[in-house]
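Quick notes on the structure that follows.
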Amino acid sequence: MSGTTQPSTPRLAGKVALVTGAGRGIGRAEAILLAQQGAQVVVNDISTRAGEMARDVVEQIRATGGDAAANTDTIAGMDGAERVVRTAVDTFGRLDILVNNAGIVAPAEVAEMSEADWDHVIAVNLKGTFATTRHASRVFKRQLSGVIINTSSESGLGHPAMANYAAAKEGIIGFTRAVARELGRFGIRCNAIRPRAFDTGGTTVYYEAYQRWQPLYDALGRYSVGTRGLIRGKARAETVAALVAWLCSDTAAHVNGRTFCVGGDEIGLWSEPELTRSVCRDGGWTLEALDGIARERLIGDLTNDFLAPAVGTKEL
Ligand SMILES: NC(=O)c1ccc[n+]([C@@H]2O[C@H](COP(=O)([O-])OP(=O)(O)OC[C@H]3O[C@@H](n4cnc5c(N)ncnc54)[C@H](O)[C@@H]3O)[C@@H](O)[C@H]2O)c1
């Protein structure tokens, strides 16, 4: 399908947006597009080189007539997240849009994964999403309006050698569903994206992991979820930003608790999980009953699709 591109009037005039991890990559593209659409934007990224990049993004937005402020707190803890949200309220008087984009990866096979790698990935991706949402939702509830976009990943579907990242990103999907249901009655929407972008800083680590574990991914074939974004190399951050800005606008006022994928030419709506089979037995289940009815009607034709005997760990 192709569509004509019309010059559009700003869709987010009068709104205040906060984008975490926006010094580069997808977050940078999101901050710039939200500002182009009339929002005043807090550009957050951690204080090192990334913090400087956040200030550069602010300069770029201002140079093109937009309004933005930088914040260099980490969102991985409650206090930093509170300061990020307060930057929006203190600088622009309110907050309407929260884009939880900040994320990191630390690839390792689960048998080799360090506790530090687990904790850091969970802290930035999952706890960081909670921390900003926790503080922003208080502002949103007072206003009886607000939009939250959470950044998950196709890696959450089961990316080998990224169990920490997969757990965090799939946790974000559950978090999104719960927040959407809880805050919907206050006029607050919460949706998630599983983006693909090839032109970001984060992609470098991702790509190194892809090369390192390529034999495993090849052996798993279509079950090697999480690597499609790299294979589809033309995926750009701007495409992700377009979906995010659209979801933040009133055009998407009826969209809540949903998960989208976006990358390159493709955009998609993920289905919500549902029970595919179930069996009931009066009085509950025993081991023997499981051997009988459950084996036959619940798991009978299931196969173990993840056995890859050709792949020895020594080659990886
Ligand atoms: N690029 C892809 O194909 C892809 C695929 C799936 C999911 N994602 C997700 O999209 C988001 C953006 O990815 P990207 O590729 O643009 O990554 P990126 O590394 O280019 O940008 C992420 C930014 O987050 C910042 N950040 C890290 N820790 C932070 C913290 N504690 N507080 C504030 N900022 C912090 C980093 O400094 C960096 O600037 C991430 O959540 C990532 O997991 C990306």
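At 1.4 Å probe size, with the rest of the protein present, what percent of the exposed accessible area of segment 16-269 is carbon and sulfur atoms? Write down the numbers at each step before the final one.
Values: 5290 of 10540 Å².
C and S atoms contribute 50 percent here.
Eigen-decomposition of the gyration tensor built on the alpha-carbon atoms of the chain gives equivalent ellipsoid semi-axes of 36, 24, 19 angstrom, largest listed first. Within the chain, DSSP assigns beta bridges of which about 15% are antiparallel (rounded to the nearest 5). Summing Lys and Arg as +1 and Asp and Glu as -1 over all other residues whose Cβ lies under 15 Å from the Cβ of VAL121 gives a net charge of -4. Once the 1.4 Å probe is applied to the protein heavy atoms, the chain comes out at 52 Å² accessible per residue. Within 14 Å, Cβ to Cβ, of ALA106, how many net charges do the neighbouring residues add up to if Lys/Arg are +1 and Asp/Glu are -1? That sum, taken over residues with Cβ under 14 Å, equals -4.
In the elastic network of the chain, a GNM with C-alpha springs shorter than 10 Å, the most mobile of ARG196, ARG24, ARG281 is ARG281.
Maximal additional length on extending the VAL279-GLU115 stretch stands at 55.1 nm, based on 0.36 nm per residue less the C-alpha distance. Only DSSP H runs of four or more residues enter the estimate; each adds -39500 (n - 2.57), and after division by the residues of the chain the mean residue ellipticity at 222 nm equals -12000 deg cm²/dmol.
Taking amide H positions as modeled 1.01 Å from N, with prolines and chain starts lacking one, the residues under 5 Å from CYS261 and 5 or more places away or on another chain are ARG194, GLY268, LEU269, TRP270. The slack in the chain from ARG94 to GLN214, taken as 0.36 nm per residue of separation less the alpha-carbon distance, amounts to 38.5 nm.
Note on the chain: with a GNM built from Cα contacts shorter than 10 Å, the maximum mean-square fluctuation among LEU18, LEU216, LEU126 falls on LEU216.
Rounded to whole Å, the principal axis extents of the Cα atoms in segment 122-256 read 52, 26, 24, largest first.
Net charge in the neighbourhood of ARG194 (other residues with Cβ under 9 Å of its Cβ; Lys, Arg +1, Asp, Glu -1) is +1. With a simple spin-label model that places each label point 7 Å from the Cα along the Cα-to-Cβ direction, the separation between GLN60 and THR48 comes to 2.1 nm. Amide H to amide H, with H built 1.01 Å from N, ALA68 comes under 5 Å of VAL41, counting only residues 5 or more places away or on other chains.
The values are calculated or read from the model by the stated rules, or taken from the named source; none is laboratory data. Since the structure is predicted, the reported quantities are computational estimates derived from the model, not experimental observations. A quick note on method: Cβ atoms are made from the backbone with ideal geometry, for glycine too, and the neighbour counts reach across all protein chains shown. Note: areas computed on protein heavy atoms with side chains; ligands, DNA, RNA excluded. Shrake-Rupley method; radii C 1.70, N 1.55, O 1.52, S 1.80 Å.
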